[in-house]
Amino acid sequence: MTDSTTSNPLLEEDRPDRVPDPTLMVIFGASGDLTRRKLVPALFELMRDGMLPAGFAILGAARTPMTDDSFRNHLLEGMRAFEQLRPGEGPLWEAFASGLFYHTMDPSRPGEYAGLSRRMADLAALRGTAAGRLYYLSTPPNLYAPIVRHLGAADLARPGRPGAAVRIIIEKPFGTDLASARALNQDVLRVFDEEQVYRIDHYLGKETVQNLLVFRFANGIFEPIWNRNYIDHVQITAAETVGVEGRGGYYEQAGAMRDMVQNHMLQLLALVAMEPPVMFDAQQVRDEKQKIFQAIRPVEPADVRRVTVRGQYAAGTSGGKEAAGYRSEPGVDPGSATETYVAVRFDLDNWRWAGVPFYVRSGKRLPKRVTEIAVQFKRTPHRLFRGGAAGGLDANGIVIRIQPDEGISLRFGSKIPGTAMRLRPVTMDFRYGSSFGGRLADAYTRLLLDAMLGDATLYARGDGVDVAWSLITPILESWKENGAEGVHPYPAGTWGPREADLLLEAEGRHWRLP
């Protein structure tokens, strides 16, 4: 099956022609937190903006016993608790809630899909969805493959009538290493075509991530200098102030490398480094990202300690409060070797980026919540202003802030007013909030709309996931062999272990302080 629907999320605005056809969305694991906190508020945002068709329907499917009404009340309580409902929107919610339904089932049991199929058929007739279906796997990852197999066996993976699309959104993690990712991909592609599969990474739905491509390819002043001739290095940072927040059991199996680097961080790296696509559609954009994944130099076992740093937060102070160390968190092994901080140097073997290191870091219990991309340019070939005049002037840089305070900053040197020739670095700031006003749409809002429209531009493709795991798995295997050796503690509330600073200082560079 090939989706005939194409659109351009980077050049089109949300016009009426961006309204999808009536669709039945089935959310597996709908009683969980993701549905309540993210998915339903995102869908309601589309309703608020007039982007949902009248016949749209949401069918929650999970083990927890609920009726349609109790499901609606459960979601309404969440909307109020998370302040997603604005004053006076009661009637709008009632209209939205009329399309919410629930089906109690155990998605791991194949015998229950006949009942699901009947319920879907009834709702399709009731709501006029023309049998267009969108499945969302919001379950534990161990249920992904069984659900896919059962959908195929129940003949629910193919359209019920000509012209109707069937698509499936799969949450991360898509595997835990290269072997498991490939096995899952094989299970999925036995039932669904690649064009039907949407591997979601909510980072790619953020406005500033999308704006990164517009910044690069819609402005003639940046692309000529976006290469090894002018750029010294690139830093990508994803910092969190929180710890594992009661998810110690999950995090013990994941760690920062699996949780952040394999997906979010490598996706951001690809968007920074990719070549201009011939046109902006899903295939062209994802083809260029795939070329970057293939260009990343694999880390040999002998080089793991040289180009990677793993850390683990110890007791300290976070947000003015005492914070326990990771090994004291519930569900965490007291001798755990799981990394809560990771820094990696990636090198790209291609014409544009040869010799330009990409430094990636992510960690928990850091001083500030921030995700940003910092592009550091080379210094001027001749330092005309020296000594006190330079005033500690650094090289030029561009910082793309993804969260919070989304925007872009350009740093350059300027003369301080006065009779003396004294220089100081200054910044020019673009901020979404001040330039466009209003609240930015949640990433899930955009991504769910694109999936309904059949636009996979902002979704990960199977071959990209495969290459990403092929890059990360050897590092994980090397770490596993070394156990807790090489896991560097850092006090909660600091910017990670000293060894991460040395990763850059070995070549005369330093981490940018966000």
Criterion (β-branched (Val, Ile, Thr), buried (at least 18 other Cβ atoms within 10 Å of the Cβ), in a helix (DSSP H, G or I) and in the same structural domain as Lys364 (by TED's automatic domain parsing)) met by exactly one of Val188, Val261, Val214, Val234: Val261
Subset of the range 123-145 that is closer than 30 Å to Ser180 by Cα and hydrophobic (A, V, I, L, M, F, W, C) - its residue that is surrounded by the most Cβ atoms within 10 Å (Cβ to Cβ): Leu134
Which listed residue, of Ala54, Ala62, Ala30, is at pLDDT below 95 and out of contact with any helix residue (DSSP H, G or I) (no Cβ under 7 Å at 6 or more places or on another chain): Ala54
Top-ranked residue of the range 56-90 - restricted to ones that are of a type in the set (Gly, Ala, Ser) and out of contact with any Leu (no Cβ under 9 Å at 6 or more places or on another chain), ranked as surrounded by the most Cβ atoms within 10 Å (Cβ to Cβ): Ala62
Count of the range 268-317 residues which are buried (at least 20 other Cβ atoms within 10 Å of the Cβ) and of a type in the set (Ser, Thr, Tyr): 2
Residue among Arg158, Arg167 that alone is closer than 22 Å to Ala456 by Cβ, within 29 Å of the chain's Cα centre (by Cα), buried (at least 17 other Cβ atoms within 10 Å of the Cβ) and of a type in the set (D, E, K, R): Arg167
Positions within the range 42-72 being assigned to a helix (DSSP H, G or I) and either outside the structural domain of Arg133 (by TED's automatic domain parsing) or more than 29 Å from Arg109 (Cα to Cα) (or both), in sequence order: Ala42, Phe44, Glu45, Leu46, Met47, Arg48
Strands (runs of 3 or more DSSP E) enclosed by the range 400-501 - at least 1 residues per element that are modelled with pLDDT under 90: 407-415, 423-431
Test: residue in the range 447-462 that is in contact (Cβ under 8 Å) with a residue 40 or more places away in the chain, surrounded by fewer than 16 Cβ atoms within 10 Å (Cβ to Cβ), outside the structural domain of Asp193 (by TED's automatic domain parsing) and farther than 30 Å from Lys368 by Cβ: no
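Results for (1) at pLDDT below 95; (2) within 19 Å of Arg36 (Cα to Cα), shown as yes or no for each residue.
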{"position": "Leu100", "(1), (2)": "no, yes"}
{"position": "Arg109", "(1), (2)": "no, no"}
{"position": "Ala114", "(1), (2)": "no, no"}
{"position": "Gly132", "(1), (2)": "yes, no"}
{"position": "Tyr135", "(1), (2)": "no, yes"}
{"position": "Gly163", "(1), (2)": "yes, no"}
{"position": "Ile169", "(1), (2)": "no, yes"}
{"position": "Asp177", "(1), (2)": "yes, no"}
{"position": "Ala183", "(1), (2)": "no, no"}
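Residue-wise test of (1) of a type in the set (Gly, Ala, Ser); (2) in a helix (DSSP H, G or I); (3) assigned by TED's automatic domain parsing to the domain that holds Ile58; (4) under 24 Å from Ala57 (Cα atoms).
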residue: Tyr113; (1), (2), (3), (4): no, yes, yes, yes
residue: Met120; (1), (2), (3), (4): no, yes, yes, yes
residue: Leu134; (1), (2), (3), (4): no, no, yes, yes
residue: Leu143; (1), (2), (3), (4): no, yes, yes, yes
residue: Ile147; (1), (2), (3), (4): no, yes, yes, yes
residue: His150; (1), (2), (3), (4): no, yes, yes, yes
residue: Asp155; (1), (2), (3), (4): no, no, yes, yes
residue: Arg167; (1), (2), (3), (4): no, no, yes, yes
residue: Gln210; (1), (2), (3), (4): no, yes, no, no
Residues of the range 320-349 satisfying the condition of being in a loop (DSSP other than H, G, I, E, B), on the phi < 0 side of the Ramachandran plot, in contact (Cβ under 8 Å) with a residue 60 or more places away in the chain and of a type outside the set (A, V, I, L, M, F, W, C): Gly325, Glu329, Pro330, Asp333, Gly335, Ser336, Thr338, Glu339, Thr340
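The values are calculated or read from the model by the stated rules, or taken from the named source; none is laboratory data. For clarity, every value in this text was computed on a predicted model and none was experimentally measured. Cβ: placed from backbone, ideal geometry, glycine included. Neighbour counts: every protein chain shown.
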